[in-house]
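First comes the structure, then the notes that go with it.
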Amino acid sequence: MLTPNNNTLIVPCEPNDYTAQQSFMLTPSTSQRWITQLSESGESLGGPNNDDFNVNFTNNPSDPSLEKLQEARFVVHIEDPDWEFFGNGVEYVKNNSNCNYNVDSELSDDKKQLTIVLRQVEPTINYAGSDNSPLDKVIEVTPSPSAQPLTIGFRYTAKQLSSGRYYMSQDPRIIVERPKEQ
């Protein structure tokens, strides 16, 4: 569970215990920074951006097969009756080395709840040479020597019902990490 003083969600890797979930309230705006608060306390996350979500996938050396079952769930609610998510609720941008994980988003039928799910996280390794390469040819990439956090940038997408206009938030980030095996 995240707190204002500890904004890292730890995903366990034990038999029958391999899921972590955190709930948030989102306050959209037509002109201000969108506020994401912890549902339990109503407090914003700490740190310079106040909307970075860190998630750490733990390892289980005695049963590595459990790592494929792990998932982190970020559940975001809009409580303002004049707003709802649109599309799939997010626009993903700036995702580093995204072959190391799967990320999905799910939207509730009433468009008030967005769930972002991370799963199948490999050791988080950056690949040099993949960011600015032409897309029309095969390239060789060089993995970093050690695991390091990877950033998943996204924007919330929401509609203001009274005006019928669509908006995107500033760029929050999920920072995902799984260490290499020891």
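The table below lists the values:
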{"read-out": "Average accessible surface area per residue within the chain, 1.4 Å rolling probe, Å²", "value": "53 Å²"}
{"read-out": "Fraction of the pair-distance distribution of the chain above 30 Å, Cα-Cα pairs, percent", "value": "24 percent"}
{"read-out": "Rounded percent of accessible protein surface that carbon and sulfur make up, the chain, 1.4 Å probe", "value": "46 percent"}
{"read-out": "Cα-derived Rg over Rh, computed across region 140-182 with Rh taken as Kirkwood radius", "value": "1.29"}
{"read-out": "Exceeding the 31 Å Cα-Cα cut-off - candidates Lys68/Lys159; Lys112/Lys180; Lys94/Lys159; Lys137/Lys159; Lys94/Lys137", "value": "Lys68/Lys159; Lys112/Lys180; Lys137/Lys159"}
{"read-out": "Region 45-115 shape via C-alpha gyration tensor axes, a/c threshold 1.5", "value": "prolate"}
{"read-out": "Furthest towards positive pole of dipole, Ile152, Val55, Ser39, structure part the chain, Cβ charges", "value": "Ile152"}
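The values are calculated or read from the model by the stated rules, or taken from the named source; none is laboratory data. All figures in this text were calculated on a predicted structure; none of them were measured in a lab. For neighbour counting, all protein chains shown are included, and Cβ atoms are generated from backbone atoms with ideal geometry for every residue, glycine included. Note: accessible area is taken over every heavy atom of the protein model, side chains too, but ligands, DNA and RNA are not part of it. Shrake-Rupley method; radii C 1.70, N 1.55, O 1.52, S 1.80 Å.
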